[in-house]
Amino acid sequence: MFKKILIANRGEIACRVIKSARKMGIKTVAVYSEADRDALHVEMADEAVFIGPPAAAESYLLIEKIVEACKQTGAEAVHPGYGFLSEREAFPRALEAAGIVFIGPNPGAIAAMGDKIESKKAAAAAKVSTVPGHLGVIEDDKHAVKIADEIGYPVMIKASAGGGGKGMRIAHSTSEVAEGFNLAKAEAKASFGDDRVFIEKFIVDPRHIEIQVLGDKHGNVIYLGERECSIQRRNQKVIEEAPSPLLDETTRRKMGEQAVALAKAVNYDSAGTVEFVAGQDKSFYFLEMNTRLQVEHPVTELVTGVDLVEQMIRVAAGEKLQLAQKDVTLTGWAVESRVYAEDPFRNFLPSIGRLVKYRPPAESHVEGGVTVRNDTGVEEGGEISIYYDPMIAKLVTHAPSRAAAIEAQSQALDAFYVDGIRHNIPFLSALMNHPRWREGNLSTGFIAEEFPGGFAARAPEGEVARRIAAVGAAVDAVYGERKRQISGQLIGRAVTRAGRRAVWLEREEIALDVARDGDVVTVAFVGADGKTGTQHKLASSWKPGVPVWEGTIDGHTVAMQVRPQASGIRIAHQGYEVAVNVFTETEAAAARLMPVGVKADTGKKLLCPMPGLVVSIAVTEGQDVKAGETLAVVEAMKMQNVLRAERDGTVKKIHAAAGATLAVDALILEFA
């Protein structure tokens, strides 16, 4: 077995590999760019080597720097993680030439499967069912339109060397093909250094299901069940689960056997994933094979009990698989949410900055019960950079049933506190509590169908509103006691204090009778007739300054994020985020007389919605534009974002030029 390995990656996957290596008694070497000098993976590793400037093309993507770092530290093998060099055939060849082992598949398998076009040809040869499409060279956007017309709409334009949703567009018309083709090529070039794309038929109402395979260097290949990855936004996975609620045992076996046949056809000898698009009728077609560890591998690990990183290391060291297909069993259900530094209330645009507070839920493992796992590469005080993927963490829960795993995930998201940047936890929480998701009625169009206008702030209603109001009143009771202690009105243990309160959720008013005795707050909702209803008991040891209220309401576990703000608090729970004010009856009477503030109209300005690089300005001063017309393209975190006109108008003045680096809300142009 290796004594020392180098991880040619960063962030959460580098930390993940370090954990398994440490468990195996293997020392680790991290590599880092200038932007990652103080990163968590650098802190966790036994050694670290500086490899260059922040841009990946000048650091993490330079093979010679990785090889030199291995020689410098005596690392015997390299784990590539995912992304960066993980699927570059030249990387393992360069390592082999230097006498260093690649912890991944052999270069021949990467060449056959890592290229999305070649992999489809190999799949067809192995008699794996494939989606109709064009796998040849596409000359330009006119050629792309001609191909799309022949295949029939809708079509998917996809980077040949792609992954992670980069370099991918769905087109429903000739105009969308022309624009999507150029955007996909540009993104593919920026992300993978390879601008080749291909076009295939897009299956309507599809599900994305993938099979995890594991092979060794002795000809053994097995599959470890499937993962459902249908909850996607812009073709990038958001939530994954294992197993899939769609598959039965027969379909699972068919898909697994096809995946193994394909892997054996290319002598696959590591962990890899064969991806399929599946119809609601359980029909399935090969999409691609990822010749690396997947982002969502933890859900497979939790339902199978197999440490995939450990297996990759053992296989690379020449060991035979200790598992046969008959030994693979799926136990319980696992759900993973990808926590990203992006603002769901501003069309998921990237957010960068310092993690002023980062308090993930406590990790736990209960045999036969609920497991909470958080794979992360950040820590409090760290910086989310513009240069890399915006992932903060992968939150994973495992439980005996799908419903229990989802409930555990929902509670864990409510307890996940991040401050200093915007993040997608409110959106993930909303998804986790969506009835259609809970039913397992999924497709890759789920988010577009259920949130057609994007994700917007919503006012809580019904039971959720009552729960938030109750916790708001409990928090206010604790704050009130602290104020009395500071003023000298109260000494020692908290005592029972009762009174009627008007709890405002924004401007929605809920009347409550509130009493506190120690860590227990009793609330009773007051009806329109002034009569008090059933009492509810809230138990929590929450203290001011703690960012998450955790406790029980009538014995049921509840978590809510609490942020103090002027004259009140802000509470986030199950995808809702609302300002909460708790008033006495006298204060409420005065508050009802206060005017409602009106936000300023910025409709005549195009502001940069994220920190990023201006790729192009598509209009000129004095030009008339129509709603939906492209105004500019801004690149951030390796994604190109098209900014379009929201209404008809005339461009008055342009304030930014191509090549400019802009801060969030920087002025790009004005309309007359």
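The values are calculated or read from the model by the stated rules, or taken from the named source; none is laboratory data. A quick note: this is a predicted structure, and the numbers were derived from the prediction, not measured. Neighbour counts are summed over all protein chains in view; Cβ atoms, including those assigned to glycine, are modelled from backbone coordinates with ideal geometry.
Structural remarks
- Per this entry, R227 is not counted among residues that are buried (at least 23 other Cβ atoms within 10 Å of the Cβ), touching a residue at least 12 places away in the same chain (Cβ under 8 Å), among the basic types (K, R) and not assigned by TED's automatic domain parsing to the domain that holds D343.
- Residues of region 21-34 that are in a helix (DSSP H, G or I) and surrounded by fewer than 19 Cβ atoms within 10 Å (Cβ to Cβ): R22, K23, E34.
- Test: residue in region 261-283 that is under 22 Å from E439 (Cβ atoms) and aliphatic (A, V, I, L, M): yes
- Of everything in region 268-300 that is more than 12 Å from E210 (Cα to Cα) and touching a helix residue (DSSP H, G or I) at 6+ places or on another chain (Cβ under 6 Å), the residue that is surrounded by the fewest Cβ atoms within 10 Å (Cβ to Cβ) is K282.
- Test: residue in region 433-456 that is within 17 Å of V562 (Cβ to Cβ) and either in the same structural domain as I352 (by TED's automatic domain parsing) or assigned to a loop (DSSP other than H, G, I, E, B) (or both): no
- The residue list V221, V177 contains one member that is more than 24 Å from the chain's Cα centre (by Cα) and crowded, with 23+ Cβ neighbours inside 10 Å, which is V177.
- Test for I18: is it assigned to a helix (DSSP H, G or I), under 21 Å from P298 (Cα atoms) and not charged (D, E, K, R): yes
- Hits in region 70-93 - residues which are in a loop (DSSP other than H, G, I, E, B) and small (G, A, S): G74, A75, G81, G83, S86
- Region 77-93, residues that are surrounded by 15 or more Cβ atoms within 10 Å (Cβ to Cβ), within 29 Å of I386 (Cβ to Cβ) and not basic (K, R): V78, H79, P80, G81, Y82, G83, F84, L85, S86, E87, F91
- Residue selected from region 57-76 under the condition under 21 Å from T291 (Cα atoms) and buried (at least 23 other Cβ atoms within 10 Å of the Cβ), by the criterion nearest to the chain's Cα centre (by Cα): Y60
- Residue that is farthest from T584 (Cα to Cα) [pool: residues in region 555-567 that are more than 31 Å from the chain's Cα centre (by Cα) and at pLDDT below 90]: A566
- The set of residues in region 267-322 being under 24 Å from the mean Cα position of the chain (by Cα) and among the hydroxyl-bearing types (S, T, Y) consists of T273, T291, T300, T304.
- Tally of residues being among the polar types (S, T, N, Q), closer than 24 Å to V17 by Cα and surrounded by fewer than 19 Cβ atoms within 10 Å (Cβ to Cβ) across region 332-370: 1
- Contact annotation: residue pairs with Cβ atoms under 9 Å, 6 or more positions apart or on different chains, pairing a residue in region 73-84 that is on the phi > 0 side of the Ramachandran plot with a partner that is among the acidic types (D, E) and in a loop (DSSP other than H, G, I, E, B), are G83/D389.
- Taking region 322-349 as the range and being aliphatic (A, V, I, L, M) and within 20 Å of R253 (Cα to Cα) as the test, the residues that pass are L323, A324, V328, L330, A334.
The rows are residues; the columns are (1) of a type in the set (A, V, I, L, M, F, W, C); (2) closer than 21 Å to E275 by Cα.
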{"position": "K158", "(1), (2)": "no, yes"}
{"position": "G162", "(1), (2)": "no, yes"}
{"position": "M168", "(1), (2)": "yes, yes"}
{"position": "E179", "(1), (2)": "no, no"}
{"position": "A188", "(1), (2)": "yes, yes"}
{"position": "F202", "(1), (2)": "yes, yes"}
{"position": "R207", "(1), (2)": "no, yes"}
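- Under the condition of being hydroxyl-bearing (S, T, Y) and surrounded by 14 or more Cβ atoms within 10 Å (Cβ to Cβ), the residues counted in region 533-553 number 1.
- Residue in region 354-361 that is among the aromatic types (F, W, Y) and closer than 26 Å to A39 by Cβ present: yes
- For E226, the conditions (1) among the acidic types (D, E); (2) in a loop (DSSP other than H, G, I, E, B); (3) within 25 Å of Q258 (Cβ to Cβ) all hold with the exception of (2).
- Within the span defined as region 101-120, one or more residues are in a strand (DSSP E or B) and farther than 30 Å from R644 by Cα.
- Any hit, region 158-165, residues being touching a strand residue (DSSP E or B) at 6+ places or on another chain (Cβ under 9 Å), closer than 11 Å to I199 by Cβ and in a helix (DSSP H, G or I): no
- Filter pass, I468 being surrounded by 19 or more Cβ atoms within 10 Å (Cβ to Cβ), outside the structural domain of E509 (by TED's automatic domain parsing) and either out of contact with any helix residue (DSSP H, G or I) (no Cβ under 9 Å at 6 or more places or on another chain) or not in a loop (DSSP other than H, G, I, E, B) (or both): no
Residues are listed down the side, and each one gets a yes or a no for (1) more than 21 Å from T130 (Cα to Cα); (2) assigned by TED's automatic domain parsing to the domain that holds A271:
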position	(1), (2)
R169	no, no
E179	yes, no
N182	yes, no
E187	yes, no
V197	no, no
P206	no, no
I239	yes, yes
L247	no, yes
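- The number of residues in region 346-400 that are in a strand (DSSP E or B) and of a type in the set (G, A, S) comes to 4.
- Residue that is part of a helix (DSSP H, G or I), surrounded by 17 or more Cβ atoms within 10 Å (Cβ to Cβ) and on the phi < 0 side of the Ramachandran plot, where the choices are Q212, Q232, Q258: Q258
For every residue, the table says whether it meets (1) exposed (fewer than 15 other Cβ atoms within 10 Å of the Cβ); (2) out of contact with any Lys or Arg (no Cβ under 8 Å at 6 or more places or on another chain); (3) on the phi > 0 side of the Ramachandran plot.
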{"site": "P107", "(1), (2), (3)": "no, no, no"}
{"site": "E118", "(1), (2), (3)": "no, yes, no"}
{"site": "H134", "(1), (2), (3)": "no, yes, no"}
{"site": "V137", "(1), (2), (3)": "yes, no, no"}
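- Members of region 621-650 found to be under 18 Å from R346 (Cα atoms), among the small types (G, A, S) and part of a strand (DSSP E or B), listed by number: A632, A636
- Test: residue in region 581-593 that is surrounded by 13 or more Cβ atoms within 10 Å (Cβ to Cβ), outside the structural domain of A188 (by TED's automatic domain parsing), in a strand (DSSP E or B) and not aliphatic (A, V, I, L, M): yes
- Of the criteria (1) modelled with pLDDT of 90 or more; (2) of a type outside the set (G, A, S); (3) in a strand (DSSP E or B); (4) closer than 15 Å to M639 by Cα, which one M168 fails: (1)
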